[in-house]
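Please read the structure below before turning to the comments.
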Amino acid sequence: AVLIAEDNVFILQLTEELLRAAGVSEVLLAANGVEALDLITSPDAPDIALVLMDVLMPFMDGIECTRRIRRWEATRVPAPPVR
(Lines give C-alpha, C1' and ligand atoms only; values in the text may rest on other atoms or scores of the structure.)
Protein backbone atom coordinates (compact mmCIF):
# COMPACT_ATOMS: atom_id res chain seq x y z
CA ALA A 1 0.00 0.00 0.00
CA VAL A 2 0.96 3.63 -0.46
CA LEU A 3 -0.06 6.22 2.12
CA ILE A 4 -0.60 9.82 1.03
CA ALA A 5 -0.53 12.34 3.88
CA GLU A 6 -1.73 15.67 2.47
CA ASP A 7 -4.13 18.34 3.69
CA ASN A 8 -4.80 19.91 0.28
CA VAL A 9 -7.74 17.97 -1.18
CA PHE A 10 -6.82 18.76 -4.79
CA ILE A 11 -3.24 17.50 -4.39
CA LEU A 12 -4.48 14.47 -2.45
CA GLN A 13 -6.93 13.48 -5.19
CA LEU A 14 -4.45 14.18 -8.00
CA THR A 15 -1.73 12.10 -6.33
CA GLU A 16 -4.16 9.25 -5.73
CA GLU A 17 -5.25 9.30 -9.39
CA LEU A 18 -1.63 9.28 -10.59
CA LEU A 19 -0.74 6.35 -8.34
CA ARG A 20 -3.77 4.35 -9.44
CA ALA A 21 -2.97 5.09 -13.10
CA ALA A 22 0.54 3.78 -12.44
CA GLY A 23 -0.94 0.50 -11.17
CA VAL A 24 -0.96 1.01 -7.40
CA SER A 25 -4.02 -0.87 -6.21
CA GLU A 26 -4.07 0.10 -2.54
CA VAL A 27 -3.85 3.81 -1.69
CA LEU A 28 -4.47 5.06 1.86
CA LEU A 29 -5.33 8.70 2.54
CA ALA A 30 -4.60 10.91 5.55
CA ALA A 31 -5.45 14.61 5.86
CA ASN A 32 -2.78 15.34 8.49
CA GLY A 33 0.08 13.82 10.45
CA VAL A 34 -2.16 12.56 13.25
CA GLU A 35 -4.25 10.53 10.80
CA ALA A 36 -1.12 9.24 9.05
CA LEU A 37 0.48 8.14 12.32
CA ASP A 38 -2.75 6.43 13.41
CA LEU A 39 -2.97 4.53 10.11
CA ILE A 40 0.65 3.39 10.22
CA THR A 41 0.71 2.35 13.87
CA SER A 42 -2.69 0.68 13.92
CA PRO A 43 -2.48 -3.02 14.85
CA ASP A 44 -4.51 -3.93 11.76
CA ALA A 45 -2.65 -1.60 9.37
CA PRO A 46 -1.90 -2.99 5.92
CA ASP A 47 1.70 -3.36 4.79
CA ILE A 48 2.67 0.18 3.77
CA ALA A 49 5.57 0.23 1.31
CA LEU A 50 5.70 3.99 0.73
CA VAL A 51 4.53 7.16 2.48
CA LEU A 52 4.17 10.40 0.53
CA MET A 53 4.17 13.04 3.27
CA ASP A 54 3.38 16.73 3.04
CA VAL A 55 5.56 18.84 5.32
CA LEU A 56 3.06 21.54 6.29
CA MET A 57 -0.17 20.06 7.64
CA PRO A 58 -2.50 20.96 10.51
CA PHE A 59 -2.47 19.18 13.89
CA MET A 60 0.90 17.47 13.22
CA ASP A 61 3.28 18.43 10.43
CA GLY A 62 5.05 15.91 8.23
CA ILE A 63 8.41 16.32 9.94
CA GLU A 64 7.04 15.54 13.41
CA CYS A 65 4.98 12.68 12.01
CA THR A 66 8.08 11.19 10.38
CA ARG A 67 9.98 11.46 13.66
CA ARG A 68 7.21 9.62 15.48
CA ILE A 69 7.01 6.94 12.80
CA ARG A 70 10.78 6.37 13.11
CA ARG A 71 10.50 6.08 16.91
CA TRP A 72 7.63 3.61 16.51
CA GLU A 73 9.60 1.58 13.95
CA ALA A 74 12.55 1.36 16.36
CA THR A 75 10.34 -0.36 18.98
CA ARG A 76 9.06 -3.06 16.65
CA VAL A 77 10.57 -6.51 16.49
CA PRO A 78 11.90 -7.00 12.97
CA ALA A 79 10.33 -9.74 10.90
CA PRO A 80 12.57 -12.76 10.26
CA PRO A 81 14.16 -12.75 6.83
CA VAL A 82 12.49 -14.88 4.19
CA ARG A 83 14.85 -17.49 2.76
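Can you give the extra length, in nm with one decimal, that the chain gains between residue 13 and residue 47 once fully stretched, where that is 0.36 nm per residue apart less the Cα-Cα distance?
10.1 nm
Roughly to the nearest percent, how much of the accessible area of region 1-78 is carbon and sulfur, given a 1.4 Å probe?
Within region 1-78, the accessible surface is 58 percent carbon and sulfur.
With equal scatterers on the alpha carbons only and no solvent term, can you work out the Debye log10 of I(q)/I(0) for the chain at 0.12, 0.13, 0.25 1/Å?
Debye intensities relative to I(0), on a log10 scale: -0.36, -0.42, -1.23.
Which whole-Hz couplings ³J(HN,Hα) result when phi for each residue of region 60-72 is put into the Karplus expression 6.51 cos²θ - 1.76 cosθ + 1.60, θ = phi - 60°, listed in order with x for Gly and Pro?
8, 6, x, 5, 5, 4, 4, 4, 5, 5, 4, 5, 5
Please give the charge dipole size of the chain, origin at the Cα centre, charges +1 on K and R Cβ atoms and -1 on D and E Cβ atoms. Round to the nearest 20 debye.
480
Please list, ordered by chain and number, the residues whose modelled amide H lies under 5 Å from the amide H of residue 52; skip anything fewer than 5 residues away on the same chain.
3, 4, 5
The values are calculated or read from the model by the stated rules, or taken from the named source; none is laboratory data. Since the structure is predicted, the reported quantities are computational estimates derived from the model, not experimental observations. Quick reminder, even Gly has a Cβ in these numbers, built from the backbone with ideal geometry, and neighbours come from all protein chains shown. The protein model used for the area step is the full one, side chains on, heavy atoms only, and it has no ligands, DNA or RNA in it. Shrake-Rupley method; radii C 1.70, N 1.55, O 1.52, S 1.80 Å.
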